[in-house]
Amino acid sequence: MTALSTAPALGSRVVHGLGAFVKARETGILLALVLVIVAATVKNPNFLFSSDGFRDLLLTPSILLLVAVGQAIVIITRNVDLSVGSVLGLTAYLTGRLFIDVPGIPIVAVFAIGILAGGFLGLINGALVAFAKVPALVITLGTLYAYRGINVLWTGSDRINSSDMPAAFLALGTQSILFIPVLTIIALVVLIAAAWYLRNQRGGRELYAIGSDPVAANLYGLKVTQRLLAAFILCGALAGLAGVLYAARYGTVNSQAGAGYELNAVGAAVIGGVAIFGGSGSVWGAAIGAYLLLTINRALPILGVQDFWQRAVVGALIIGAIVLDRVLALRQARRLVEARGDLQ
Amino acid sequence: MTNFTQALAPATRTYRDHSQPLWRRILLSREAAVIGATLLVIIVASVSVKAFAKPITATYLLLDIAPILLIALPMTLIIITGEIDLSVASIVGLSSVTLGVLHSNGMPIEAAGLVALIVGAAAGALNGFLITVVGLPSLAVTIGTLALYRGLAVGLLGTKAVTDFTEFWTDLAKSKIGATAIPSVVIPIVILAVIFGVLLHLTPFGRGIYAIGLSAEAARFSGIHVERTKFILFVLSGLISALAGIYYTLRFSSARGDNATGLELSVIAAVLLGGVSIFGGRGSTVGPLAGAVLIGVLASALRLANVTSDVINIITGTLLVASVVATSFLAWLRTKRARPGKKTETLVAAKG
């Protein structure tokens, strides 16, 4: 009891903030990320200290970061979007087609169209989930197939090459401003905006409320359908943006672009502490998870592990993360029970 | 006297499911709809697609969908309990690689196959352990093990492939029953389907599976071993997936790390198409088998009609979405017909 009353008096906001940071679920993942980077850098200093190494470290996970942020928002509402990889592939090819079919199209317009197209595909998912009241897992599993099928049908054996796209657009994928790649800046801006919205805005808080108890949220009068639609549209739009950036970054787009991204995105979110049953976690965690996943992929060969084992490591990480979450949740529950006992 | 009439009252109660004659109940079921759709597709394809009505089509069709049919059996039971197993295709890959690696190191196929089955069962047991003992959601666990088992499979073999299997076994995997066009692999599938059908529909264990899917808590209070049941189902799923992996390896005479990638989607599509509710508690063994055949028949008819395999993906995806949306839509229609005044009533109540 005494501890409860003295703690706020002692703790200034800085100490309180620091304590929250140390205890945050995201900190553990950040620590793991730092550990991986340090280990790889000790083995090969070029991993961090060469200009290319530093750039790749920031650049490689940027596209996945965007997809993972969208995925985290959907997972927070107790849904999941497995179709993001297919949406990314479709918009990446769309980007290339726009440059070929509409000569001289401004780059801003391509970005806008890509984001809108992704948002539209997300709307289809969201509408099926929100109105038909069917689990998102099944719906997006279906659209994962369907969108990829449409993509393959449209692309065929065709591919977009870097010569099809203007140099200014491709430069976006490799350029840096003050040593920070443009792609990373875009990803960070999106991340900060999403984190701010989820933390400080009514709409964001309602997403958490819906995720922790959909029925209660509905009874309370929250516009569940509307919020779900918005979450899916946002997730699709971010995958669309990621698709445009994918085209800029890699220069070539075939019909299989983005295949398997859904697993990485869900994995990144789960590793970052976004509970698969909704209602908790943050986009920061998902973003760090995305960096951890892809940085491990690049660090493994340096550490002497054949890159064939990458997926096994990813799987082990996901399982480790959810086991950790479970243990933390149990401990928290026990502490709450004890606290209740003390009060009585 | 009043007591007497009250005691009589429940006897005249009609149960919705049993208020109609048996033939209507069977014909109006979801399974009947899928079987009907399958027959319709077969008839339409036989008439309109050249070369579809030949026996060789049926042979290759059954050879192709055999792994889906096999894995759909345990997957049905798992989805009826309200869980899901996304790692099945990775277990197929892992058992395929196990078989290949052991055989290329001189182990006879019989022994290597046995080890592959044990590996599959162990993989399923790990899923089951994490879900039932640690208490994690099956969706998250099997997304993790989907990556883990596939990673182990790819890690063990790299980009290599083992192809030198004894001809006796590879021929057996492709052989047909006597002079018919039906491949021999159908025999174990039928035997397993009967075993799983009996297990699900005619045993206390099976009734427990439905009870868990309807309400795990109520099932626990009525004395069903919820955790043990789920654990057994995940082990069975691993075991059958490993069996499918061995078949897959022998049929294509090739053990590769990326064998059967994405197969879990086809299996789940077949199971849900076959009328098993993703919410748990509803479904049968017949429906998913019919669903798998429907997807297979559609795919093979389209392939023979020179439609690219990508359209098949679109159709599988659309079928999956349509089948679940249709269920909700029909349920919505039924409640609307049953209580036509409901909407206005609530409106009035809200105003008042």
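The values are calculated or read from the model by the stated rules, or taken from the named source; none is laboratory data. Note that the structure is predicted; figures quoted are calculated from it, not measured. Methodologically, a virtual Cβ is constructed for each residue, glycine included, from the backbone with ideal geometry; neighbour enumeration extends over all protein chains shown.
May I ask you to say which residue of A:L330, A:L300, A:L336 is in contact with an Asp or Glu (Cβ under 9 Å, 6 or more places away or on another chain) and surrounded by 10 or more Cβ atoms within 10 Å (Cβ to Cβ)?
Sole residue among the options that is in contact with an Asp or Glu (Cβ under 9 Å, 6 or more places away or on another chain) and surrounded by 10 or more Cβ atoms within 10 Å (Cβ to Cβ): A:L300.
Given the conditions (1) buried (at least 16 other Cβ atoms within 10 Å of the Cβ); (2) more than 10 Å from chain B (Cβ to nearest Cβ); (3) in contact (Cβ under 8 Å) with a residue 60 or more places away in the chain, which single one is not true for A:N125?
Going through the list (1) buried (at least 16 other Cβ atoms within 10 Å of the Cβ); (2) more than 10 Å from chain B (Cβ to nearest Cβ); (3) in contact (Cβ under 8 Å) with a residue 60 or more places away in the chain, A:N125 breaks only (2).
Please state which of the following conditions A:V323 fails to meet, knowing it meets all the rest: (1) closer than 27 Å to A:A187 by Cα; (2) within 14 Å of chain B (Cβ to nearest Cβ); (3) under 21 Å from the mean Cα position of the chain (by Cα).
So the condition that A:V323 fails would be (1).
Being more than 7 Å from every other protein chain (Cβ to nearest Cβ) and among the charged types (D, E, K, R) is the filter here; which residues of segment B:104-156 pass it?
B:E110, the sole residue that qualifies.
Here are A:G289, A:G258: which of them is buried (at least 22 other Cβ atoms within 10 Å of the Cβ) and either away from chain B (no Cβ under 14 Å) or over 18 Å from the mean Cα position of the chain (by Cα) (or both)?
Exactly one of A:G289, A:G258 is buried (at least 22 other Cβ atoms within 10 Å of the Cβ) and either away from chain B (no Cβ under 14 Å) or over 18 Å from the mean Cα position of the chain (by Cα) (or both), namely A:G258.
Enumerate the pairs (first residue in segment A:294-311 and farther than 18 Å from A:L263 by Cα and within 13 Å of chain B (Cβ to nearest Cβ); second residue anywhere and in a helix (DSSP H, G or I) and among the hydroxyl-bearing types (S, T, Y)) with beta-carbon separation below 8 Å, excluding pairs fewer than 6 apart on the same chain, so at least 6 apart or on different chains.
none
Mind listing just one residue for me: the one in segment B:157-178 that is farther than 19 Å from B:G113 by Cα and either surrounded by fewer than 16 Cβ atoms within 10 Å (Cβ to Cβ) or of a type in the set (A, V, I, L, M, F, W, C) (or both) and, of those, farthest from the other protein chains (Cβ to nearest Cβ)?
B:G178
Tell me which residues, restricted to segment B:203-244, are of a type in the set (F, W, Y), more than 27 Å from B:R150 (Cβ to Cβ) and touching a helix residue (DSSP H, G or I) at 6+ places or on another chain (Cβ under 8 Å). Give the derivation first.
Pass one, segment B:203-244, residues of a type in the set (F, W, Y): B:205, B:210, B:221, B:231, B:234.
Add one more test, that the residue is more than 27 Å from B:R150 (Cβ to Cβ), and what stays is B:205, B:210, B:221.
If the condition is that a residue be of a type in the set (F, W, Y), more than 27 Å from B:R150 (Cβ to Cβ) and touching a helix residue (DSSP H, G or I) at 6+ places or on another chain (Cβ under 8 Å), then B:F205, B:Y210 are the ones that fit.
Conditions first: (1) within 30 Å of B:T159 (Cα to Cα); (2) in a helix (DSSP H, G or I). B:I232 passes all but one, so which condition is the exception?
(1) is the only condition that B:I232 fails.
Out of the residues in segment B:250-266 that are assigned to a helix (DSSP H, G or I) and within 14 Å of chain A (Cβ to nearest Cβ), which is surrounded by the fewest Cβ atoms within 10 Å (Cβ to Cβ)? Steps first, answer last, please.
Step one: filter segment B:250-266 for residues assigned to a helix (DSSP H, G or I), giving B:250-252, B:263-266.
In the following step, the residues that additionally are within 14 Å of chain A (Cβ to nearest Cβ) were identified as B:263-266.
Working: B:L263: 22, B:E264: 25, B:L265: 20, B:S266: 25.
Ranking the candidates gives B:L265 first.
Cβ contacts < 6 Å: first residue more than 15 Å from B:P74 (Cα to Cα), restricted to segment B:223-240; second residue in a helix (DSSP H, G or I), any location; separation 6+ or different chain. Result?
Pairs found: B:I224/B:G208; B:I224/B:A211; B:V226/B:I212; B:V226/B:A216; B:V226/B:A219; B:V226/B:R220; B:E227/B:T132.
Being within 25 Å of A:L238 (Cβ to Cβ) and either at pLDDT below 85 or not basic (K, R) (or both) is true for just one of A:A316, A:A339, A:A287. Which residue is that?
When all the criteria are applied, what remains is A:A287.
Can you run down the residue pairs with Cβ atoms below 7 Å, 6 or more apart or on separate chains, where the first is in segment B:185-208 and on the phi < 0 side of the Ramachandran plot and the partner is in a helix (DSSP H, G or I) and among the small types (G, A, S)?
Once the first residue is on the phi < 0 side of the Ramachandran plot and sits in segment B:185-208, its partners that are in a helix (DSSP H, G or I) and among the small types (G, A, S) give B:V185/B:A66; B:V185/B:A173; B:I189/B:A66; B:L199/B:G206; B:L200/B:G206; B:G208/B:A219.
Just give me the residues in segment B:267-292 being polar (S, T, N, Q) and surrounded by fewer than 24 Cβ atoms within 10 Å (Cβ to Cβ), in sequence order.
Residues satisfying the conditions are B:S277, B:S284.
Going through segment B:33-50 one residue at a time, which ones are surrounded by 15 or more Cβ atoms within 10 Å (Cβ to Cβ) and outside any helix (DSSP H, G or I)?
Within segment B:33-50, B:V49 is the sole residue that qualifies.
Can you find a residue that is among the small types (G, A, S), over 30 Å from A:G320 (Cβ atoms) and buried (at least 19 other Cβ atoms within 10 Å of the Cβ) anywhere in segment B:211-218? Step through it out loud before you land on a result.
Residues of segment B:211-218 that are among the small types (G, A, S), as a first pass: B:211, B:213, B:215-216, B:218.
Still in the running and over 30 Å from A:G320 (Cβ atoms): B:211, B:215, B:218.
Still in the list and also buried (at least 19 other Cβ atoms within 10 Å of the Cβ): B:211.
Yes, that holds for at least one residue.
Say whether the condition of being within 14 Å of chain B (Cβ to nearest Cβ), surrounded by fewer than 17 Cβ atoms within 10 Å (Cβ to Cβ) and small (G, A, S) is met by at least one residue in segment A:148-158.
From segment A:148-158, those within 14 Å of chain B (Cβ to nearest Cβ) are A:148-158; that's our starting set.
Pick out the ones that are also surrounded by fewer than 17 Cβ atoms within 10 Å (Cβ to Cβ) and you get A:153-154, A:156-158.
Pick out the ones that are also small (G, A, S) and you get A:156-157.
Among the residues of segment A:148-158, at least one is within 14 Å of chain B (Cβ to nearest Cβ), surrounded by fewer than 17 Cβ atoms within 10 Å (Cβ to Cβ) and small (G, A, S), which makes the answer yes.
Just give me the residues in segment B:291-314 being in a helix (DSSP H, G or I), of a type in the set (A, V, I, L, M) and more than 8 Å from every other protein chain (Cβ to nearest Cβ), in sequence order.
Hits for segment B:291-314 are B:A292, B:V293, B:L294, B:I295, B:V297, B:L298, B:A299, B:A301, B:L302, B:L304.
Which residue pairs have Cβ atoms closer than 8 Å, lie 6 or more positions apart in sequence or on different chains, and pair a first residue in segment B:268-287 that is of a type in the set (F, W, Y) with a second residue that is at pLDDT below 85?
Here the result reads B:F279/A:P135, each pair linking segment B:268-287 to a residue that is at pLDDT below 85.
Out of all the residues in segment A:150-169, is one or more outside any loop (DSSP other than H, G, I, E, B), farther than 30 Å from B:F329 by Cα and among the acidic types (D, E)?
Yes, segment A:150-169 has at least one match.
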